[in-house]
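Participant: Got a structure for you, questions after.
The values are calculated or read from the model by the stated rules, or taken from the named source; none is laboratory data. From a predicted model like this one, the values you see are computed outputs, not experimental measurements. Because the Cβ atoms are built from the backbone with ideal geometry, glycine has one as well, and the counts that use them run over all protein chains shown.
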């Protein structure tokens, strides 16, 4: 049985709704009587200290914000990181302290965005000596930070194996273009012999091809090919032309010049290598060695 008169039910319901709206209403920040309120810093985070009066908050440089939290605090957890997202050294329990130190606050995360597995590498090759728990500590020590790779840092054993396989594939392309029958090397030799009093020698070939390999495939490919089947098959097997110290010398000269050329200039580098090696002063004399096949002055 209802003890409320039918005529009073609707007005009482409306009054209850109005009362609930007042209870849930949060005054604007500019309202001097807002409650609850929070003292926030210029970044929108909790201002350090305890403030019972709004005037005290404002006199200390804080900003009064109506509500239970400051506007930039969008999560219960945060992480203080470097501005680029890398982990930072030090511990920051307050967002304000993090920002004051020149760091960046990342809301709602337990790890910095750049806090994944990493390796600290020596720019000269291989892993950096020591133990580095953070990327920040690695870079502060003058080393190079890279995301974790199964092959390790450049110059490490597994990295070198991977690069060797990649270099081998590149070297095969050079072999097909330059060393195959009728390839560019044969044309260079024919053109040189037809226009010069002396003759093209195997030192010119070693120097030029090593230069092309270095400029196109990298130092490792050129070093390997200098003693491998790609080069020996072409230069050795001819009378009085066994592979030896002189060939290695010509390889080294070509390789050094090739590494100085733009790595991606595939169209112009071969001609530069050809000109450098055929014009190298006294290449045969400098790279003279046992059974090396010096430049011949007669056919």
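Participant: Restricting to the range 191-203, name every residue that is surrounded by fewer than 11 Cβ atoms within 10 Å (Cβ to Cβ) and either in contact with a helix residue (DSSP H, G or I) (Cβ under 8 Å, 6 or more places away or on another chain) or assigned to a helix (DSSP H, G or I) (or both). Show your work before the answer.
Facilitator: Just the residues of the range 191-203 that are surrounded by fewer than 11 Cβ atoms within 10 Å (Cβ to Cβ), to begin with: 194-195, 197.
Passing the criteria: 194, 195.
Participant: Please verify whether the range 183-190 includes one or more residues that are outside any helix (DSSP H, G or I), assigned by TED's automatic domain parsing to the domain that holds residue 275 and modelled with pLDDT of 85 or more.
Facilitator: To start, the set of residues in the range 183-190 that are outside any helix (DSSP H, G or I) comprises 183.
The next check asks that each one be assigned by TED's automatic domain parsing to the domain that holds residue 275; those that pass are 183.
Filter once more, keeping what is modelled with pLDDT of 85 or more: 183.
Taking every residue of the range 183-190 in turn, at least one turns out to be outside any helix (DSSP H, G or I), assigned by TED's automatic domain parsing to the domain that holds residue 275 and modelled with pLDDT of 85 or more.
Participant: Are any of the residues in the range 106-121 surrounded by fewer than 17 Cβ atoms within 10 Å (Cβ to Cβ) and out of contact with any strand residue (DSSP E or B) (no Cβ under 8 Å at 6 or more places or on another chain)? Spell out the reasoning first.
Facilitator: Looking only at the range 106-121, we keep the residues that are surrounded by fewer than 17 Cβ atoms within 10 Å (Cβ to Cβ), and these are 107-111, 113-114, 116-117.
Then keep just the ones that are out of contact with any strand residue (DSSP E or B) (no Cβ under 8 Å at 6 or more places or on another chain); that gives none.
No: the range 106-121 contains no residue that is surrounded by fewer than 17 Cβ atoms within 10 Å (Cβ to Cβ) and out of contact with any strand residue (DSSP E or B) (no Cβ under 8 Å at 6 or more places or on another chain).
Participant: Just one of (1) at pLDDT below 75; (2) surrounded by 15 or more Cβ atoms within 10 Å (Cβ to Cβ); (3) more than 22 Å from residue 76 (Cα to Cα) trips up residue 137, so point out which.
Facilitator: Here residue 137 meets the rest and fails (1).
Participant: Which residue, of 7, 85, 44, 13, is surrounded by 13 or more Cβ atoms within 10 Å (Cβ to Cβ) and either at pLDDT below 90 or assigned to a helix (DSSP H, G or I) (or both)? If you could, list the steps in order and put the result at the bottom.
Facilitator: Values: 7 fails: surrounded by 13 or more Cβ atoms within 10 Å (Cβ to Cβ); 44 fails: either at pLDDT below 90 or assigned to a helix (DSSP H, G or I) (or both); 13 fails: surrounded by 13 or more Cβ atoms within 10 Å (Cβ to Cβ).
Criteria check complete, one pass: 85.
Participant: Sticking with this one: Suppose we filter 293, 237, 258, 246 for residues that are closer than 13 Å to residue 209 by Cβ and either at pLDDT below 75 or surrounded by 14 or more Cβ atoms within 10 Å (Cβ to Cβ) (or both); which single one remains? Before the answer, list the steps.
Facilitator: Details: 293 fails: closer than 13 Å to residue 209 by Cβ; 237 fails: closer than 13 Å to residue 209 by Cβ; 246 fails: closer than 13 Å to residue 209 by Cβ.
Sole residue among the options that is closer than 13 Å to residue 209 by Cβ and either at pLDDT below 75 or surrounded by 14 or more Cβ atoms within 10 Å (Cβ to Cβ) (or both): 258.
Participant: Could you please find all residues in the range 109-123 being in contact with a helix residue (DSSP H, G or I) (Cβ under 8 Å, 6 or more places away or on another chain) and not in a loop (DSSP other than H, G, I, E, B)? It would help to see each step written out before you state the result.
Facilitator: So in the range 109-123, the residues in contact with a helix residue (DSSP H, G or I) (Cβ under 8 Å, 6 or more places away or on another chain) come out as 114-115, 118, 120.
Hits for the range 109-123 are 118, 120.
Participant: Take the residues in the range 149-182 that are part of a loop (DSSP other than H, G, I, E, B) and within 11 Å of residue 121 (Cβ to Cβ); name whichever of them is modelled with the lowest pLDDT. Explain how you work it out, then say what you get.
Facilitator: Here is the first cut: in the range 149-182, the residues part of a loop (DSSP other than H, G, I, E, B) are 149-156, 180-182.
If we keep only those that are within 11 Å of residue 121 (Cβ to Cβ) too, we end up with 149, 152-156.
On the way: 149: 81, 152: 78, 153: 81, 154: 76, 155: 67, 156: 63.
The qualifying residue modelled with the lowest pLDDT is 156.
For (1) surrounded by fewer than 16 Cβ atoms within 10 Å (Cβ to Cβ); (2) at pLDDT below 90, each residue gets a yes or a no:
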site: 207; (1), (2): no, no
site: 210; (1), (2): no, yes
site: 214; (1), (2): no, yes
site: 226; (1), (2): no, yes
site: 265; (1), (2): yes, yes
site: 278; (1), (2): no, no
